Amino acid sequence: MTHTFTAMNATIMSHGLSFEQERKLKAMFKGFEERASRFIPGNPVDELNQLPADVPVFLDATIADLLEKSLILTRKVRYMVNPFMGRSMKAIGYTASFHESYAPEVSGEPTRGFTYEPMEWLSKEWIMKLEDFHFDFGGFGKGYIVDRAREMLTREGVTEALVNAGGDLVAIGRQRVGIAHPMLPGKDMIKLVIEDLAMATSGNHHRRWSHEGEDYHHILNGRTGEVATSDVVQSTVIASSAMEAEVVAKLFCILPYEEAKQEAAKFPDAAYFVYLNDDRVAAGGNKGLYSAMEVAG
């Protein structure tokens, strides 16, 4: 049976779960959104962002785990994707959860990137900001909770299921999945089978807005702070975890395709499909991660 609900500004779809498992899944996503979204005033991430530098801060177990896992991937991609971009995201107008009639509030403040960590760990659950910045876990957070959902369902004995959180998905058992066509809404570009793996899709063609003649979207180069200008329109990555798939997918939307391929080589257990701005489709990485591929005619 297929269930859907809305959380984290996405439609969450599950297949193969009982009503009770679906209830737990919904509670998990809703609870995580309330704690980890930068858009909710007074939650742990907002409180963390409002604190000044040089003050020890206690993190609850979930946020501490999310940050630790995010930093492992951040270092691996040389800060091209990082969780420190909250102020820059606000500066370009991404100040609220995105919707079709989104009205940006571009501040005019300069954006900035990071090639280092502007914080330090004091212990497993205590950190200190070394300068003024805001966290924005973004795709890290969505990948994280999708991975936690798979862990929860597996503990409950689920052996065949699919959970899709707006393009970040996990397959429990052998599942047939589709990669949406970026130019043909409602159509799949590719269909394939994956087993006990995750898949994430990222693109610069959805969350877009304009301000005073300038175009913006929600993907920034984490090293420079600039709005990404890749020749990739959409990228989909298959990996062992949704967090890893999400980060590699973002790389392809930040860097030119040929450069992104070099960075993606750091993830030998990932496969990717990209749609380029000249309408070409390219694939690479570990092709043993999927089977029964069908390409739409």
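The values are calculated or read from the model by the stated rules, or taken from the named source; none is laboratory data. What you see is a predicted model; the values in this text were computed from it and never measured. Positions of Cβ are backbone-derived with ideal geometry, glycine not excepted, and every protein chain shown enters the neighbour counts.
Summary of values
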| item | result |
| --- | --- |
| Selected residue (only one of 80, 89 is at pLDDT 95 or above and of a type in the set (A, V, I, L, M)) | 80 |
| Residue, farthest from the chain's Cα centre (by Cα), within region 61-83, restricted to residues that are over 12 Å from residue 135 (Cα atoms) and of a type in the set (Val, Ile, Thr) | 62 |
| Residues of region 244-267 satisfying the condition of being touching a Gly at 6+ places or on another chain (Cβ under 8 Å) and in a loop (DSSP other than H, G, I, E, B) | 267 |
| Verdict on residue 48 being surrounded by 17 or more Cβ atoms within 10 Å (Cβ to Cβ) and within 30 Å of residue 260 (Cα to Cα) | no |
| Residue within region 207-219 that is modelled with pLDDT of 95 or more and in a strand (DSSP E or B) present | no |
| Filter result (in contact with a Pro (Cβ under 9 Å, 6 or more places away or on another chain), surrounded by 15 or more Cβ atoms within 10 Å (Cβ to Cβ) and among the acidic types (Asp, Glu)) within region 111-162 | 136 |
| Of all residues making up region 269-297, the number that are farther than 14 Å from residue 199 by Cβ and either among the aliphatic types (A, V, I, L, M) or part of a strand (DSSP E or B) (or both) | 9 |
| Qualifying residues in region 232-273 (those that are within 28 Å of residue 151 (Cβ to Cβ) and of a type in the set (D, E, K, R)) - the one surrounded by the fewest Cβ atoms within 10 Å (Cβ to Cβ) | 266 |
| Residue satisfying condition, being at pLDDT below 95, within 25 Å of residue 44 (Cβ to Cβ) and either in contact with a Cys (Cβ under 7 Å, 6 or more places away or on another chain) or of a type in the set (A, V, I, L, M, F, W, C) (or both), within set 133, 98 | 98 |
| Test set (1) modelled with pLDDT of 95 or more; (2) within 19 Å of residue 139 (Cβ to Cβ); (3) surrounded by fewer than 17 Cβ atoms within 10 Å (Cβ to Cβ) - residue 33 fails condition number | (3) |
| Count - residues of region 1-60 that are closer than 18 Å to residue 134 by Cβ, outside any loop (DSSP other than H, G, I, E, B) and in contact with a His (Cβ under 8 Å, 6 or more places away or on another chain) | 1 |
| Cross-chain or 6+ apart pairs with Cβ under 6 Å, region 246-269 first and farther than 18 Å from residue 71 by Cβ and without any contact (Cβ under 8 Å) to a residue 60 or more places away in the chain, then in a helix (DSSP H, G or I) and of a type in the set (Phe, Trp, Tyr) | 260/252 |
